[in-house]
1. Which percent of Cα-Cα pairs in the stretch 90-129 sits in each 10 Å bin, short to long?
2. Evaluate E = 1/(1 + (r/R0)^6) for THR115 and VAL56, where r is the Cβ-Cβ distance and R0 equals 25 Å; express this FRET efficiency to the nearest 0.05.
Amino acid sequence: MRVSDLFNHLVREHVVAPTPRGVQVGAIAGSGATKEPQGTVTSGPTSPETTVPIFVTPKSLTFPGVGLLTGFTWSTLKYASPEYFSSPFVALVIALVFGTFVTYASVNDPRTHQTHHDKVVSWGIGLINSLCLWGICLRITPR
């Protein structure tokens, strides 16, 4: 099992289904790529895409899980040695470490194909998520 498998379960399911013009070849349903029985690739109508709502996938548990782990780590360190680990900046470092780990695993998932621009945007979102993890550690909530 790869580290990226812990965080990146695709929302779309791969569907291999017969179509009127042939059999679909390892593509997402609805992409139009089919393979004729003789081995020629054609495009034609395919079945509709099978998707799962993002809120009910295992991937939706990543942020709350990492938030819980970040808060637990900082609380444990504060309990073990309060004179060294009570600073909120220690929580920032812990949040950045966990946020970087999750972002790295997500960006480098071999099942995704991202452009350079997409990766830069993903790292920016990862930084914002890391700051949100820091807020979870500090128990900062909107009022």
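1. Per 10 Å bin, starting at zero, the Cα-Cα P(r) for the stretch 90-129 comes out as 32, 50, 16, 2 percent.
2. Numbers: r = 29 Å, r/R0 = 1.14.
Approximately 0.30, to the nearest 0.05.
Readers should treat all values here as calculations from the given coordinates under stated rules, not as data from a laboratory. All values reported here derive from a predicted model rather than from experimental measurement. Cβ sites come from the backbone with ideal geometry, for glycine too, and all protein chains shown count toward neighbours.
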